[in-house]
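Only one structure is covered here, and it is reproduced in the block below.
The values are calculated or read from the model by the stated rules, or taken from the named source; none is laboratory data. On a predicted model such as this, the values are computed, not experimentally measured, just so you know. Neighbour counts are summed over all protein chains in view; Cβ atoms, including those assigned to glycine, are modelled from backbone coordinates with ideal geometry. Protein only, heavy atoms only, side chains kept; ligands, DNA and RNA dropped before computing areas. Shrake-Rupley method; radii C 1.70, N 1.55, O 1.52, S 1.80 Å.
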Amino acid sequence: MLLRVLQKEPRHLLLRTNSVWKQRRTLASAVPEEDNSGPKNLTTTRGGVHGNYRTTKAWRNKPLFRRQGDVRFKTGKDAANLLINEAKRRDAHEEAFINSVRSSFTCLSSLFDRNPRYAFLAKQMMEPERFLSFRVAWMDDQGIYRLSRGWRVQYNSALGPYEGPLHFGHHVNSGVIKSLGFDSVFSNALTGFGVGAAVGGADINPFDKSEAEIQRFCQSYMTELHKYIGPDTDYPTMGMGVGEKEMGYLYGQYKRLSHNALRGQPFLQGGKVNNVAGYCVAHFAHEILKAKGESLNGKRCLITGSGKVARSLAEKLLEYGAIPLTFSDESGFVYEPDGLDSGSLRTISQIKEDRAAMVGRYVISSTTAQFNEPENIFDIPCDLCFPCGAMSQIDEDTATVLADNGCMGVIEGGHSNVTEEGRKMLKRRGMLYGPHTMTMTGATIVNGLGVSLFDKKADDMLKSCVERIHNEVYRTSQEFNTRGDLHAGSKILGFMTAADVMITQGAV
């Protein structure tokens, strides 16, 4: 279905490079087509959606682990617990990664019940194909040598070349990178494009550094990273703390060091499509509400964060008729009781162009804005909450506060903004939830479409892909009896998409 959409567009717009496209076509052909003559995945190839008894029995009799005697499982929940415990045994110190594994495999337990062979593929998927860790040495403006750590985890290439964001921040560590890399396997698979999953970053705070320091750091980071990336190998994209300027510095150093930089569409140049992530979140919010017979028009929207994703999200929400209320950063938050308009948004964007500027400066230009009033941003009454800031921002208590204030749903505009306990509370209170596994796929979609200039036509293409992904995730959640749980549906669909190709490639 996706190829039919793409065939309507000019070839120069849709293809990143001929070699990548051919590789994606080849990999896509390994996945069975959805028709009446053949099965679609392991849950249907063995005699009905619940699997064949003979196949089920054969795989249940095989040991999932053989370290200290053969360890087998009887139910899908047993398999999920065994996989979670294995992750704890190997990486007990990486709490973020353990949380991602627990969240994902808990959702997949019903899939393991239908066909136990998926549990063996999950064991293989849990381990990244390559984990790079390296020193990043750079000099600050005072001439002092500084050291940071850089990472790139190339998690899974079953569907095609690696692709995924880079994150710079003081909160970034090996566990966070591994967690986000694991989640990106599911996210990238959802898009329907032949791309693998990778995530990278460094433990540097870019917001308290000068432009010269950021340039020197990016050049040092890319000096090591360029050995492992390329248009046909690994395609880094923008992420937390990595925007248009950072990508420009990274590309400049890559071009200096590599002969592949100028082949086909320029590699690593994300500045022309830097609105994509926020627009994608807004489009998913529109689809989620549409499925419930609602719309964004007139909805009061609480936004945390004030980066490019948050601001582009507010821009698209205004187009949908919604009312953005807030932006926030380390200094606090600004709140417009009557909502932010396009003029207010332009003012905030101009403020945030200065790397060290804080969002509180906005109150100077507005007579109605409130700064840090009330004390907690989540005490503000709203219809929808869009967390675009720190990871694990919405926990159980925060979800309770939002529900008590009449909020009808939380749509993630960042990576892992809602904790596992927060998700349980949202579900318990009957609130809508848009998981980042689904909502943060914008960059992968646009790169897959080969869009180098994000205009109205490209936005329509993005919206069409978002509608397709939401509908597929929603149908999957219904099929697996999760009652419209988009978090579970996105995990199951993303896993099956990757696993059904992994099985054709053997133990690699």
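So, how do all the Cα-to-Cα distances of the chain break down into 10 Å bins, in percent, from 0 on up?
4, 19, 30, 27, 15, 4, 1, 0
Give the Cα extents of the stretch 81-181 along the principal axes, in whole Å, largest first.
Largest first, the stretch 81-181 extends 61, 29, 18 Å along its Cα principal axes.
When the Cα atoms of the stretch 114-250 are enclosed in a convex hull and the volume is divided per residue, what value in Å³ results?
So the per-residue hull volume is 104 Å³.
Two-decimal Rg/Rh of the stretch 410-504 from alpha-carbon positions, Kirkwood Rh?
Numbers: Rg = 14.7 Å, Rh = 14.6 Å.
Radius of gyration relative to Kirkwood radius: 1.01.
Can you tell me the length gained on complete extension of the stretch HIS171 to ARG256, counting 0.36 nm per residue apart and subtracting the Cα distance?
Working: separation 85, 0.36 × 85 = 30.60 nm, distance 3.00 nm.
Separation in residues times 0.36 nm, less the Cα-Cα distance, equals 27.6 nm.
Measuring from centroid to centroid over Cα atoms, what is the spacing of the stretch 92-149 and the stretch 63-77 in Å?
Taking the Cα centre of the stretch 63-77 as reference, the centre of the stretch 92-149 is 23 Å away.
For HIS286, HIS93, give the ranking by accessible area with the largest first, probe 1.4 Å. Could you put the intermediate results ahead of the total?
Details: HIS286 40, HIS93 140 Å².
My answer, sorted largest first, is HIS93, HIS286.
List, in the order given, every pair from LYS178/LYS456; LYS123/LYS424; LYS209/LYS457 whose Cα-Cα distance in the structure shown is over 32 Å. If you can, show how the numbers build up before the last one.
Working: LYS178/LYS456 35 Å; LYS123/LYS424 25 Å; LYS209/LYS457 37 Å.
Beyond 32 Å between Cα atoms: LYS178/LYS456; LYS209/LYS457.
Once ligands and nucleic acids are excluded and a 1.4 Å probe is used, how much of VAL359 is accessible, expressed in Å² to the nearest 10?
Approximately 0 Å² for this residue.
May I ask you to give the solvent-accessible area per residue for the chain, in square angstrom, as obtained with a 1.4 angstrom probe? Could the numbers behind the result be given before it?
Details: 21720 Å² over 508 residues.
Ligands and nucleic acids excluded, the result is 43 Å² per residue.
Please name which of GLY321, GLY150, CYS388 has its Cα lying farthest along the dipole of the chain towards the positive end, using unit charges on Cβ (Lys, Arg +1; Asp, Glu -1) and the Cα centre as origin.
Comparing the listed Cα positions along the dipole, GLY150 ranks first.
Arrange the peptides 94-101, 432-439, 364-371 so that the one whose residues have, on average, the most other Cβ atoms within 10 Å appears first. Intermediate results must be reported in sequence, preceding the final value.
Values: 94-101: 20.4, 432-439: 25.5, 364-371: 13.2.
Sorting 94-101, 432-439, 364-371 by mean packing, highest first, produces 432-439, 94-101, 364-371.
Please compute the length gained on full extension between GLU421 and ASN85, using 0.36 nm multiplied by the number of residues separating them and subtracting their Cα-Cα distance. Before the final figure, lay out each step's value.
On the way: separation 336, 0.36 × 336 = 120.96 nm, distance 1.91 nm.
Taking 0.36 nm per residue and subtracting the Cα distance, the gain is 119.0 nm.
If Rh is defined by the Kirkwood formula over all Cα pairs and Rg also comes from Cα, what ratio Rg/Rh do you get for the stretch 282-336?
Details: Rg = 11.7 Å, Rh = 11.6 Å.
We get a ratio of 1.01 for the stretch 282-336.
Solvent-accessible area of TRP151, probe 1.4 Å, all protein chains present, reported in Å² to the nearest ten, please.
The accessible area comes out at roughly 10 Å².
Arrange the residues ARG146, ARG90 by how much accessible surface each exposes, largest first, with a 1.4 angstrom probe. Mind dumping the intermediate values first?
Details: ARG146 90, ARG90 115 Å².
In descending accessible area the options line up as ARG90, ARG146.
Could you quote the convex hull projected area for the stretch 273-382, Cα atoms only and averaged over all directions, in nm²? Display every interim value, and only then the final one.
On the way: hull surface 27.1 nm².
That works out to 6.8 nm², a quarter of the Cα hull's surface.
Grab the DSSP H runs of the chain that are 4 residues or longer, score each as -39,500 (n - 2.57), total them, divide by all residues and round the 222 nm result to the nearest 500 deg cm²/dmol.
Calculated mean residue ellipticity at 222 nm is -14000 deg cm²/dmol.
Can you give the accessible area of MET240 in Å² (nearest 10), computed on protein heavy atoms with a 1.4 Å probe?
Per-residue accessible area (MET240): approximately 40 Å².
With a 1.4 Å probe and all protein chains in place, put ARG130, ARG60 in order of accessible area, largest first. Walk me through the intermediate numbers first.
Values: ARG130 105, ARG60 50 Å².
Sorted descending by solvent-accessible area, the residues read ARG130, ARG60.
About its Cα centre, how strong a charge dipole does the chain have in debye, to the nearest 20, once Lys and Arg get +1 and Asp and Glu get -1 at the Cβ?
Values: 62 positive and 56 negative charges, 489 e Å.
About 2340 debye.
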